[in-house]
Amino acid sequence: MRAKVAERGQVTIPKPLRDRLGIRPGTILEFKEEAGRLVAVKVETLDPIDQIYGQLGRGRHTDEILRQLREK
């Protein structure tokens, strides 16, 4: 597959490749030069919720918080 480089250096990744590799808007690609070739590697990122899950303390149960708010 081929793609033409636009004036500002932009390249459109062919749709069959995007679909096969799961590249969607917002996907981060890392570019490398290897043996005179341009290589793009999809950067795997965790969902933001997955990144913070477990970092926050257990805290209070929702029912307890609501009860305290109603008492005020």
Can you tell me the orientation of helix 62-71 relative to the chain, as the angle in degrees between its alpha-carbon axis and the longest Cα principal axis, to the nearest 10? 50
Under a Cβ-only charge scheme (Lys and Arg +1, Asp and Glu -1), can you give me the dipole magnitude of the chain about the Cα centre, in debye to the nearest 20? 280
Residue (of Leu21, Val43, Ala6) at the positive-pole extreme of the chain, dipole from beta-carbon charges: Ala6
Average the reciprocal distances over every distinct pair of alpha-carbons in the chain, invert the result, and give the Kirkwood radius in Å. 16.9
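The numbers here are math on the coordinates, done by the rules we state, and not lab data. Everything numeric here is computed off the predicted structure, so don't read it as measured data. Heads up, the Cβs are rebuilt from the backbone with ideal geometry, glycines too, and the neighbour counts pull from every protein chain shown.
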